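Following: one structure in structure tokens, then a few remarks.
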Amino acid sequence: MEDQRTPETPRSTTPASPSRPATAGLTSRLARRKPVEELTGETGQLRRSLGLTQLTMISIGATLGTGIFVVLGEAVPKAGPAVVLSFVLAGLTALFSALSYAELAGMIPASGSSYSYTYATLGELVAWVCGWCLILEYGVSVAAVAVGWGQYLNELLHLTVGVTIPEAFSQPPGEGGLVNIPAVVVVLLAMFLLLGGARESARANAVMVVIKIATLLVFCAVAFTAVRDGNFTPFMPLGMAGVSAAGATLFFSYIGFDAASTAGEEARDARRDLPRAIVLSLFVVTVLYCLVALAAVGAMPWTSFADAEAVLSQVLTQATGAGVLWSVLLSVGALVAISSVVLAVMYGQTRILFSMSRDGLVPRVFSRVDERTGTPRKNVVIVSLAVAVLSAAIPLGSLADATSIGTLFAFGLVNVAVLVLRRNRPELPRGFRVPLSPVTPLLGAGFCVYMMASLGAETWLVFLGWMAAGLAFYFAYGMRKSRLNASTPDADAAE
């Protein structure tokens, strides 16, 4: 297999001392940046085969489904009918960051998404932290989504044949089970699709996206017939604090709109299509989320959402009096919807690790590309097995909140990166420009901080533990192996 590494760029023309790295010290090593020109010019034999429609479908596929099919049941008890406002709050947070993503994706069409953007602007240590957050965002969110897939599978089995998978094999430890087998199954199905190549995966994802949009529209049509005015009063029973808490949880449902940016090296016209795909996908998702949430809380009292699983199916069954057929169709649609999220988000995770590996910050196995399919096959298998284990053993709530805080941190860095590049590299061509800069990026970063502050202490402890583990790995491995490390012979010899 041909070596996929990017040629290294010397940092100085002055010969390095044999007894120390060429960099002046630890601080300069942590702050070293990867030139934008290098990011936009490098390739790793990934094939450019995706157009605007496919890129938009990747982002919709990675976003639409999880929050509205699964996490809605956890958010409504926190905010009551005002959960609709929580979706708007989470959507605004995502919008400001989406605009920043759109500008950077058009400038730096690399597979690493916000990891690559921060590497070019804020330095290697911050880029590593961002990449580590993206691993939390993508890898852990896939596991959380897979847990929700099992809930709807049980609902479908109950409606059609009157049986369910025993809790021991459909719930993780801590929720009455031993192992979540359905979650493992959907992850492995996505793995086999990804192994076939980006174009084939994008086609399968596009079909699933069409099915889940149709499913949500059918739900709205049926649920709106059962809306009762009394279900909206009191509208904000837990106050603005409840709206904020639910919004922080529901931000999980917007994770994935940036998935198109991970396809930067597989897009046919990345500078033009990536910004459009990101903004368009977020618009479609936000409109659908608000419609479905409004229909759901209008059709069923908000107090009935507590501890609800497969919540949309229950709305149709318990509140509307709709026949079993509608609930069966909704459960099938939910299974397809969540499957597409698993597929698209796992795709993004593998491409981020591909970029980090090419830079030397994680092992080189993640950037080895199969010559026949043009995909990083070993990367896909490793990620899939790790996610399968995670989804089989950890409850949904813990996964969702931990994912949200890591994502918010990464999004905040993207907003900062826009401001840095506007100041340091104003001459670079931009296919899209964030309107009202610097106000918009500052608002984006501010909203991210606000939403992070709304999350609980347990979530913060998990996040800080994750960050500590990531920094330990970076200082033990990534800093020494980095392709920007001026002590080239030493770094390569260790590999």
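Assorted remarks:
- Cβ-based exposure ranking for VAL418, VAL449, VAL297, in which fewest neighbours within 10 Å come first: VAL449, VAL297, VAL418
- Which of VAL179, VAL311, VAL36 has the fewest Cβ neighbours within 10 Å, and the rest in rising order: VAL179, VAL36, VAL311
- Annotation: lysines with alpha-carbon distance below 27 angstrom to LYS34 (same-chain offsets under eight excluded): LYS378, LYS481.
- Cα pair count fraction exceeding 18 Å, expressed as % - segment 39-183: 71 percent
- Radius of gyration and maximum dimension Dmax of the chain, Cα, Å: 22.4, 78
- Projecting the Cα atoms of GLY176, PRO275, ALA386 onto the charge dipole of the chain, computed from C-beta unit charges around the Cα centre, puts PRO275 farthest toward the positive end.
- Just so you know, the averaged projected area of the alpha carbon convex hull for segment 210-336 sits at 9.1 nm².
- Against the rule of thumb 2.2 N^0.38 Å, how large the Cα Rg of segment 195-285 comes out: 1.50
- Value of [θ]222 nm, deg cm²/dmol, for the chain, DSSP H segments ≥ 4, -39500 (n - 2.57) each, nearest 500: -20500 deg cm²/dmol
- Ranked list, fewest to most other Cβ atoms within 10 Å of each Cβ, for ARG423, ARG271, ARG358: ARG423, ARG271, ARG358
- Whole-Hz couplings from phi, Karplus 6.51/-1.76/1.60, listed for segment 222-233; x for Gly and Pro: 6, 5, 5, 6, 10, 5, 10, 4, x, 6, 9, 10
- Karplus-based coupling profile of segment 278-288, in residue order and whole Hz: 5, 5, 5, 5, 5, 4, 4, 5, 4, 4, 5, with θ = phi - 60° in 6.51 cos²θ - 1.76 cosθ + 1.60 and x standing for Gly or Pro.
- With Cα atoms defining each centre, segment 331-367 and segment 369-393 are spaced 8 Å apart in the structure.
- Global dimensions of segment 311-412 from alpha-carbon coordinates: Rg and Dmax equal 18.5, 57 Å.
- Set against the 2.2 N^0.38 Å expectation for a compact globular protein, segment 90-159 has a Cα radius of gyration ratio of 1.52.
- Angle in degrees between helix 396-424 and the longest Cα principal axis of the chain, rounded to the nearest 10: 40 degrees
None of the figures in this text is laboratory data; all of them are computed from the coordinates on show. Predicted model, so just to flag it, every value in this text is computed and none were measured. When we count neighbours, we look across all protein chains shown, and the Cβ atoms used for this are built from the backbone with ideal geometry, even at glycine.
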